[in-house]
There are 2 protein chains.
Amino acid sequence: MAQQHLDPADPKAGPVAGDSLAAYLQTQATEFLRALRQHRETGGATSNGTEDTVDAARALRRSARRISGTLHTFRPLLDTDWSEGMRPELAWLSGTLAREHAYAARLERLMGALHRLSGSSAFPAQGSAAVGTAATGASGPPKGPTPEKSNLTVGAAKAGALLERQLTLARTRSHSAALQALGSSRFHAVADSVAVLASEVPLTQAATTADLKPLAAAAEDRLTDAISGLPLVSAGHPYNAEALVHGLSADTAPQPQDAPWHQVRLLLRLHRYAREVLYGADAPVDVCMLSAGQALDRHRDAAEAASAAASAARTPRIAPATAYALGVLHADQRHEVEAARFAFQRAWSRETVGTP
Amino acid sequence: MAQQHLDPADPKAGPVAGDSLAAYLQTQATEFLRALRQHRETGGATSNGTEDTVDAARALRRSARRISGTLHTFRPLLDTDWSEGMRPELAWLSGTLAREHAYAARLERLMGALHRLSGSSAFPAQGSAAVGTAATGASGPPKGPTPEKSNLTVGAAKAGALLERQLTLARTRSHSAALQALGSSRFHAVADSVAVLASEVPLTQAATTADLKPLAAAAEDRLTDAISGLPLVSAGHPYNAEALVHGLSADTAPQPQDAPWHQVRLLLRLHRYAREVLYGADAPVDVCMLSAGQALDRHRDAAEAASAAASAARTPRIAPATAYALGVLHADQRHEVEAARFAFQRAWSRETVGTP
């Protein structure tokens, strides 16, 4: 099934041999090392974050995710001890590096929503720029977004100030944690492993002649299985109001209904990387798959923003007007969650219609 | 254009003469008097409200609206002084009678939403039944809905209690106002006018031979003109997030963006009554028009519920958790507003596709 699905756009009709896997991993490892060098050269742990530093950190995360995902999908073709040891370290690294950026983006999303909900025509350009300065490796505390709050009503302005305080604090902590991580011996061990990978990929003996396609197809099967478990029928009905069910429940944990969508997001990423291994630069751009992935990113971002608004509302001694604004904001972001599911359903149904 | 639109389903291909107008008004007047009698017999101003009293009050409003709307649409065919004098009186009556029911329905809608948002599986049957007992003419204060609040979280429970207190108070006042209205000389004058109408409709001399269709078509033109002014393109895009813009604005007045939709709701009703005049019991059921009307009712109800939640949140000295729940509730109902607009756009586009 998945095999058939891969075939139609397959630029290599025959089997794809293990050397493609080695080449892909070497490319990503080289990219990782290049990004690391760039990160150090553009300031890294000493200067204030520049745009180049941010780009470098992003490139570092990008290749770390690809190496980790590829080790997972093509596990049987790689030295087990080595790949099993490396994957959690790469996950730790990309997770640590991602956090600062995530807090900055979450604050920007929430401030943007507050302005939209206040009918404020003057959405601040600063808010948007501020995310760009969230540079892992900056020595000072990160500059928080300083959106123009004069257009916000009292409740919204107070809610914005509270969110800014809380998320900027979280971001500063993540920034320090990232700095610490990049200076740690644990990180140096990861960098050394990647350096080894750049010159020599520890393939098993059978790998060189093995066909990569069955393993890539298995990754796609895991994706389609997970998608078939999603409530796509209701997600395809606009305004089904499902994302806000439990919007007022006492449970402060992340909404359990989101978990299968987050899981599909990860599996979609693994599927995309497996296609990159198989087809390299020739990989046909799958627009539906791209939209589906973007919808799931938006789903994740909105879910986390909604949760941040709910959590801010539990701050002791806030004014009722602040709490009210945070309630509106929470519901707004949960509707974004619902909208993202709808968008995913649309993109995915176009994707599967394209399948013979 | 509108003339063409009326034609396809027209069971009477030729002109429709003034006697149809007279017959329709007489039928509605008779229905009004029957409902009034039933209302008095089933308790009216003395007993506790029964289901029959509620039905009678509804029938009274129903015929009052139809008489008033028909006087408006076919104004040139009726004695001007008489019809101009009668319309505001009928509007006063149906408005006064409608208010108690509206508060009860609003409370039920909001309590239902609170339970949905709390993920409460046990939606109380009492809440639903309570609306039925909102009987204009009951002597005691109306029984408020007593939904099971044990399934609500603290904030939602407090929000529910606050809404129940405020809307029950408003309902009790409307109940007293309706009682007072039904005992007033002003009401007796209306009833007398309707009694005259039941036996003799004050048509102009030209009316008996005049064709009713041009006036009905003009009513339809007013409707289609108003609809063409609605933002239907954005309404047709699911999750356009327009209904919640200004959701946090300082302005406490009803959202100005709702007004054109409310206006279309009234014009659609006039159009429906005009069709009833023309075609009587033979009037072909227009499913799309029916859905469009239901969507606009839902739009109005959700908009008013959202506004009630926002207004409750401005109660002094409420707890932040209460305010938060009211914020979520407000946003939820504004999304219902958006969903209703989407539903209207769908229904209306099917309606116009059906037009040759």
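So, B:SER249, is that one polar (S, T, N, Q), assigned to a helix (DSSP H, G or I) and either within 27 Å of B:SER234 (Cβ to Cβ) or under 19 Å from the mean Cα position of the chain (by Cα) (or both) or not? Give the derivation first.
Values: polar (S, T, N, Q): yes; assigned to a helix (DSSP H, G or I): no; either within 27 Å of B:SER234 (Cβ to Cβ) or under 19 Å from the mean Cα position of the chain (by Cα) (or both): yes.
Against the criterion (polar (S, T, N, Q), assigned to a helix (DSSP H, G or I) and either within 27 Å of B:SER234 (Cβ to Cβ) or under 19 Å from the mean Cα position of the chain (by Cα) (or both)), B:SER249 does not qualify.
Kindly establish whether A:ALA216 is away from chain B (no Cβ under 14 Å), in contact (Cβ under 8 Å) with a residue 12 or more places away in the chain and surrounded by 17 or more Cβ atoms within 10 Å (Cβ to Cβ).
For A:ALA216, the condition - away from chain B (no Cβ under 14 Å), in contact (Cβ under 8 Å) with a residue 12 or more places away in the chain and surrounded by 17 or more Cβ atoms within 10 Å (Cβ to Cβ) - is met.
Is it the case that some residue within region A:321-340 is facing another protein chain (nearest Cβ under 10 Å), in a helix (DSSP H, G or I) and within 25 Å of A:ARG275 (Cα to Cα)? So that I can check it myself, show each step before the final result.
Initial filter on region A:321-340 (facing another protein chain (nearest Cβ under 10 Å)): A:321-336, A:338-340.
Now drop any that are not in a helix (DSSP H, G or I), which leaves A:321-336, A:338-340.
From the residues that got through so far, the ones that are within 25 Å of A:ARG275 (Cα to Cα) too are A:340.
Yes, region A:321-340 contains a residue that is facing another protein chain (nearest Cβ under 10 Å), in a helix (DSSP H, G or I) and within 25 Å of A:ARG275 (Cα to Cα).
Kindly check whether there is at least one residue in region A:53-62 that is more than 14 Å from chain B (Cβ to nearest Cβ), surrounded by 23 or more Cβ atoms within 10 Å (Cβ to Cβ), touching a Lys or Arg at 6+ places or on another chain (Cβ under 9 Å) and part of a helix (DSSP H, G or I).
Among the residues of region A:53-62, at least one is more than 14 Å from chain B (Cβ to nearest Cβ), surrounded by 23 or more Cβ atoms within 10 Å (Cβ to Cβ), touching a Lys or Arg at 6+ places or on another chain (Cβ under 9 Å) and part of a helix (DSSP H, G or I), which makes the answer yes.
If I filter region A:223-271 down to residues being modelled with pLDDT under 95 and more than 11 Å from chain B (Cβ to nearest Cβ), which single residue comes out as surrounded by the most Cβ atoms within 10 Å (Cβ to Cβ)?
A:PRO254
I'm trying to understand the selection: among the residues of region A:278-295, which are modelled with pLDDT under 95, in a helix (DSSP H, G or I) and surrounded by 15 or more Cβ atoms within 10 Å (Cβ to Cβ)?
Residues of region A:278-295 that are modelled with pLDDT under 95, as a first pass: A:278-290.
With the extra rule that they be in a helix (DSSP H, G or I), the set shrinks to A:278-282, A:287-290.
A:LEU278, A:TYR279, A:GLY280, A:CYS288, A:MET289 - these are the residues of region A:278-295 that are modelled with pLDDT under 95, in a helix (DSSP H, G or I) and surrounded by 15 or more Cβ atoms within 10 Å (Cβ to Cβ).
B:ALA323 - would you say it is of a type in the set (A, V, I, L, M, F, W, C), at negative phi and surrounded by 23 or more Cβ atoms within 10 Å (Cβ to Cβ)? Explain how you work it out, then say what you get.
Working: of a type in the set (A, V, I, L, M, F, W, C): yes; at negative phi: yes; surrounded by 23 or more Cβ atoms within 10 Å (Cβ to Cβ): yes.
Yes; evaluated as a whole, the condition is true for this residue.
Look at region A:64-101 and say how many of its residues are among the aromatic types (Phe, Trp, Tyr) and within 14 Å of A:THR204 (Cα to Cα). Lay out the reasoning, then the answer.
Keep residues of region A:64-101 that are among the aromatic types (Phe, Trp, Tyr), which gives A:74, A:82, A:92.
Still in the list and also within 14 Å of A:THR204 (Cα to Cα): A:74, A:82.
So the count comes out to 2.
Please give the number of the condition B:LYS143 fails out of (1) at pLDDT below 80; (2) part of a helix (DSSP H, G or I).
(2)
Cβ-Cβ distance below 7 Å, separation of 6 or more or different chains: which pairs start in region B:311-335 with a residue that is under 18 Å from A:ASP332 (Cα atoms) and end on one that is part of a loop (DSSP other than H, G, I, E, B) and among the aliphatic types (A, V, I, L, M)?
Short answer, once both residue conditions are applied: B:ALA325/A:LEU248; B:VAL328/A:LEU248; B:ALA331/B:LEU244; B:ASP332/A:LEU244; B:ARG334/B:ALA243; B:ARG334/B:LEU244; B:HIS335/B:ALA243; B:HIS335/B:LEU244.
Among the residues in region A:298-308, are any under 21 Å from A:SER68 (Cα atoms), in a helix (DSSP H, G or I) and away from chain B (no Cβ under 11 Å)?
Pass one, region A:298-308, residues under 21 Å from A:SER68 (Cα atoms): A:300.
Retained after the next criterion (residues that are in a helix (DSSP H, G or I)): A:300.
The next check asks that each one be away from chain B (no Cβ under 11 Å); those that pass are A:300.
Yes, there is a match, as at least one residue in region A:298-308 is under 21 Å from A:SER68 (Cα atoms), in a helix (DSSP H, G or I) and away from chain B (no Cβ under 11 Å).
For region A:180-215, which residues satisfy the criterion of being within 11 Å of A:LEU93 (Cβ to Cβ), hydrophobic (A, V, I, L, M, F, W, C) and at pLDDT 95 or above?
A:PHE187, A:ALA189, A:VAL190, A:ALA191, A:VAL194
Considering every residue within region B:102-121, establish whether at least one is touching a Leu at 6+ places or on another chain (Cβ under 6 Å), within 14 Å of chain A (Cβ to nearest Cβ) and not in a helix (DSSP H, G or I).
The answer is yes; a qualifying residue exists.
Given the options A:ALA274, A:ALA243, name the one that is under 30 Å from B:GLY112 (Cα atoms) and not β-branched (Val, Ile, Thr).
On the way: A:ALA274 fails: under 30 Å from B:GLY112 (Cα atoms).
None of the other options fit; the residue is A:ALA243.
Run A:ARG317 past the list (1) surrounded by 24 or more Cβ atoms within 10 Å (Cβ to Cβ); (2) part of a loop (DSSP other than H, G, I, E, B) and report the number of the one that doesn't hold.
(1)
The values are calculated or read from the model by the stated rules, or taken from the named source; none is laboratory data. Nothing here was measured: the structure is a model prediction, and the numbers come from that model. As a convention, Cβ positions derive from the backbone with ideal geometry for all residues, glycine included, and neighbour counts pool all protein chains shown.
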